[in-house]
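Each remark here refers to the structure printed beneath this line.
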Amino acid sequence: QVQLVESGGGLVQAGGSLRLSCAASGRTFSYTGWFRQAPGKERDFVAAIKRTGHNTYYADSMRGRFAISREDAKNTVYLQMNSLKPDDTAVYYCDVAIASNRELTREDEYDYWGQGNQVNVSS
């Protein structure tokens with residue numbers, strides 16, 4: 001049975017940092033992605049990482065402030081978020097894809113997703 005457990009969200013002041021974690025169990029996945037959804041907005045792609053080779057992909061607006069990484073021994077993917085802004089306030093979701101030939105910026109290309117983790121950035 002596939003299970004994704006997210007952790008690490010919370011409240012932080014603007015300029016601060018948070019690290020989100022996504023621990024997967026039940027099988028391995030080719031890609032793990034992070035998406036976020038702010039109140040009243042659509043869910044947007046943040047970043048993704050490939051299991052083999054650890055290739056990383058970012059939304060342009062996140063590049064340079066966010067870093068995605070993985071720890072294979074724990075089957076866990078991290079999203080390090082730095083220089084946070086109030087606009088980063090959202091629920092962050094961890095998504096995973098089984099196959100490798102996916103359009104990573106589209107959430108409907110992923111097979112499973114986590115419960116979501118609230119991140120609040122105060123000004």
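The values are calculated or read from the model by the stated rules, or taken from the named source; none is laboratory data. Here the structure is a predicted model, which means the values were calculated and not measured. Neighbour counts run over all protein chains shown; Cβ positions are idealised from the backbone, glycine included. These area figures cover heavy atoms from the full protein model, side chains too; ligands, DNA and RNA do not enter into them. Shrake-Rupley method; radii C 1.70, N 1.55, O 1.52, S 1.80 Å.
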Cut-off 11 Å, label 7 Å out along Cα→Cβ of S83, residues of the stretch 1-31 by amide N: 15
Accessible surface, per residue, of the chain when the full set of protein chains is kept, probe 1.4 Å, Å²: 52 Å²
Carbon/sulfur fraction of accessible area - the stretch 1-101, other protein chains in place, 1.4 Å, %: 43 percent
Net charge of neighbours whose Cβ lies under 10 Å from the Cβ of N75, counting Lys and Arg as +1 and Asp and Glu as -1: +2
Summed side-chain charge close to I49 - residues other than I49 whose Cβ falls under 13 Å, Lys, Arg +1, Asp, Glu -1: +1
Under 12 Å, Cβ to Cβ, from R65 - net charge with Lys/Arg +1 and Asp/Glu -1: -1
